[in-house]
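Only the coordinates and a few stated rules stand behind these numbers; no lab work does. Everything quoted here is computed from the prediction, not taken from an experiment. A quick note on method: Cβ atoms are made from the backbone with ideal geometry, for glycine too, and the neighbour counts reach across all protein chains shown.
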Amino acid sequence: MITFTRQADGTFVRTGEFQKGTLTVRIFRDGARGLVAWSPQEAIDVVENAISISKAPAQEYELVEESVETVEVMDARSANLKKARDARAAKKAEQEKKEEDFIQCPLCSGTTKTGHEKGCMNRGIALVDSKSQEDSDGTDSDNLR
């Protein structure tokens with residue numbers, strides 16, 4: 001719970017903190033329960049904004065946790081997010097590895113191992129990868145003529 005308490009000079013002092021895993025909070029003004037459930041940061045922003053523009057008539061504002069996740073739920077969520085992240089990374093690496101094996105036909109933009117899509121007019125022509133067109137000395141054989 002976070003409390004904002006008015007001092008004798010009119011300033012407010014903030015004390016306390018939210019529990020780890022707090023999802024929603026309510027603002028209590030001088031003990032009266034607020035109608036809206038806020039995210040923790042939004043509730044802090046609302047009260048601090050009211051204080052900063054001198055629109056805070058109450059003597060005390062309490063931000064009380066309404067729903068809090070248990071440590072087990074937070075740990076399970078973290079583990080599941082890591083599993084999903086790892087699965088996406090593995091799938092992306094596998095896809096990139098597959099793409100390295102493909103040659104692309106300039107006419108049909110084929111993405112098969114032969115380089116042609118079904119029905120391409122160049123289907124009978126073998127495509128040569130641009131890397132294999134260079135000679136062993138690193139020069140392009142077409143430029144030597």
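Around ASP30, under 12 Å between beta carbons, what's the net of Lys plus Arg minus Asp minus Glu among the other residues?
Taking every other residue near ASP30 into account, the sum is +1.
Taking amide hydrogens as modeled 1.01 Å from N in the peptide plane, which residues meet the under 5 Å criterion relative to PHE12, leaving out close sequence neighbours?
GLN7
List the residues whose amide H sits under 5 Å from the amide H of GLY34, counting only those 5 or more places along or on another chain, with H placed 1.01 Å from N in the peptide plane.
It is ILE27, PHE28, ARG29, by chain and number.
Show me the trypsin sites (Lys or Arg not before Pro) within segment 1-65 that DSSP assigns to loop and that have at most 16 other Cβ atoms within 10 Å of their Cβ.
Qualifying residues, ordered by number: LYS20, LYS55.
Report the local net charge at THR3: Lys and Arg +1, Asp and Glu -1, summed over other residues whose C-beta lies under 9 Å from its C-beta.
That sum, taken over residues with Cβ under 9 Å, equals -1.
With a sphere of radius 15 Å drawn around the Cβ of GLY21, what net charge do the other residues whose Cβ falls strictly inside it have (Lys, Arg +1; Asp, Glu -1)?
Result for the local shell: -4.
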